[in-house]
Amino acid sequence: MKKTVTYVTKISHAVISLLLGVLATGLQAAENPCAQISAFGAIYSLVKTAPAIEGAIETPIESTFALWRRQGQVAHDYRDRNITLLWNKTSNNRLRAVQAFNAHERSIEYEAHRQGDLNSWQNKRQFFSEQLMQSMTLIKREGTYCAQKEMYSSDEHGQTLLLEWLPAMQVVSYYSAKTTQGMIEWRLDDIITDRTIINAAFAQWEGYASTDYADIGDNESDPFLLNMINLGFIEHGSNGFYTASGQSMGTSHAH
């Protein structure tokens with residue numbers, strides 16, 4: 001356990017140094033300079049490790065995930081799957097979801113839904129819910145302004161959790177969950193604050209040819225949509241998100 005906590009600190013120092021560099025001028029000019037970062041991309045490495053079978057070598061499975069924010073928009077970019085899930089709030093405070101299939105430059109738009117425990121704007125923005133942090137114990141708080149970080153832990157029901165939170169930006173810089181079935185880790189590798197890069201990312205997704213989910217069944221002449229129908233997307237797509245090969249991605253909310 002001690003080794004993991006030490007690693008968390010190293011990761012955070014690298015990210016926090018970047019934030020302090022970006023906001024060096026803002027610290028002198030504004031009362032709350034951290035609030036100036038309303039748009040950014042947080043790039044994570046995800047590592048899943050299963051218990052090694054006796055005599056075998058433990059082989060971690062690595063992937064990359066990016067959380068993007070821009071004013072009233074949020075994107076969860078599953079880079080290894082070529083899938084991006086986007087949300088925005090409507091004028092009546094509902095959440096509208098769009099699933100982008102990046103390899104095909106196509107997207108599916110869903111009907112806006114009321115916010116709930118698993119479908120809240122806060123959970124989409126943070127990915128890790130407030131309920132998760134409230135169920136854990138705050139073991140340490142250090143730093144000030146944008147460099148402040150909070151460390152949480154939990155060890156119950158056969159599951160050990162560690163979470164490092166950057167409250168100024170409302171993002172996780174490290175997370176691990178360990179059980180007898182294995183371990184998963186989230187490591188924050190980089191934070192992108194360059195507006196040109198951020199706007200280009202959202203412009204790319206917004207530029208895809210889009211189809212309303214309700215109209216998929218009426219477009220069998222479209223090869224991409226026909227493939228979606230053949231994979232059962234029209235039958236189970238409204239119950240969660242799926243890759244272009246028909247694999248379930250759940251509801252895109254794990255915590």
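Output the number of residues of the stretch 136-170 satisfying the condition of being modelled with pLDDT of 90 or more, in contact with a Leu (Cβ under 7 Å, 6 or more places away or on another chain) and not hydroxyl-bearing (Ser, Thr, Tyr).
The qualifying residues number 3.
Is it the case that some residue within the stretch 113-134 is small (Gly, Ala, Ser) and at pLDDT 90 or above?
No, there is no match, as no residue in the stretch 113-134 is small (Gly, Ala, Ser) and at pLDDT 90 or above.
Identify, from the list ALA112, ALA97, the residue that is touching a Ser or Thr at 6+ places or on another chain (Cβ under 6 Å), surrounded by 14 or more Cβ atoms within 10 Å (Cβ to Cβ) and closer than 25 Å to MET228 by Cα.
It is ALA112.
Examine the stretch 137-155 for a residue that is in contact with a Cys (Cβ under 7 Å, 6 or more places away or on another chain), closer than 28 Å to ARG195 by Cα and of a type outside the set (Gly, Ala, Ser), and state whether such a residue exists.
Here is the first cut: in the stretch 137-155, the ones in contact with a Cys (Cβ under 7 Å, 6 or more places away or on another chain) are 145-146.
Checking which are closer than 28 Å to ARG195 by Cα leaves us with 145-146.
In the following step, the residues that additionally are of a type outside the set (Gly, Ala, Ser) were identified as 145-146.
So far as the stretch 137-155 goes, yes, one or more of its residues are in contact with a Cys (Cβ under 7 Å, 6 or more places away or on another chain), closer than 28 Å to ARG195 by Cα and of a type outside the set (Gly, Ala, Ser).
Can you tell me how many residues within the stretch 194-218 are within 17 Å of ALA97 (Cβ to Cβ) and in contact with a helix residue (DSSP H, G or I) (Cβ under 6 Å, 6 or more places away or on another chain)?
Looking only at that region, the number is 1.
Let me confirm something: among GLU164, GLU142, which residue is closer than 21 Å to ASP190 by Cα and free of Cβ contacts under 8 Å to residues at least 60 places away in the same chain?
Details: GLU164 fails: free of Cβ contacts under 8 Å to residues at least 60 places away in the same chain.
None of the others qualify; the one that does is GLU142.
Report, ordered by the first and then the second residue, all pairs with beta carbons closer than 7 Å, sequence separation of six or more or different chains, a first member in the stretch 67-87 that is over 22 Å from ARG187 (Cα atoms), and a second member that is polar (S, T, N, Q) and in a strand (DSSP E or B).
Here the result reads GLY72/ASN88; GLN73/ASN88, each pair linking the stretch 67-87 to a residue that is polar (S, T, N, Q) and in a strand (DSSP E or B).
Check every one of the strands (runs of 3 or more DSSP E) wholly within the stretch 127-212 and list those with 2 or more residues that are surrounded by fewer than 18 Cβ atoms within 10 Å (Cβ to Cβ), over 21 Å from the mean Cα position of the chain (by Cα) and small (Gly, Ala, Ser). Walk me through it before giving the result.
Working: elements: 137-142, 149-156, 159-166, 171-179, 182-192, 209-212.
Fully inside the stretch 127-212 and qualifying: 209-212.
Inspect all residues belonging to the stretch 50-57 and state whether any of them is outside any loop (DSSP other than H, G, I, E, B) and either crowded, with 19+ Cβ neighbours inside 10 Å or at pLDDT below 95 (or both). Working first, answer last.
Keep residues of the stretch 50-57 that are outside any loop (DSSP other than H, G, I, E, B), which gives none.
So far as the stretch 50-57 goes, no, none of its residues is outside any loop (DSSP other than H, G, I, E, B) and either crowded, with 19+ Cβ neighbours inside 10 Å or at pLDDT below 95 (or both).
Regarding SER221, is this residue in contact with a helix residue (DSSP H, G or I) (Cβ under 7 Å, 6 or more places away or on another chain), of a type in the set (Ser, Thr, Tyr) and either under 18 Å from PHE65 (Cα atoms) or loosely packed, with under 13 Cβ neighbours inside 10 Å (or both)? Talk me through it step by step, then tell me what you get.
Numbers: in contact with a helix residue (DSSP H, G or I) (Cβ under 7 Å, 6 or more places away or on another chain): no; of a type in the set (Ser, Thr, Tyr): yes; either under 18 Å from PHE65 (Cα atoms) or loosely packed, with under 13 Cβ neighbours inside 10 Å (or both): yes.
Taking the combined requirement at face value, the residue does not satisfy it.
The values are calculated or read from the model by the stated rules, or taken from the named source; none is laboratory data. Everything quoted here is computed from the prediction, not taken from an experiment. Glycine gets a Cβ as well: all are built from the backbone with ideal geometry, and neighbour counts include every protein chain shown.
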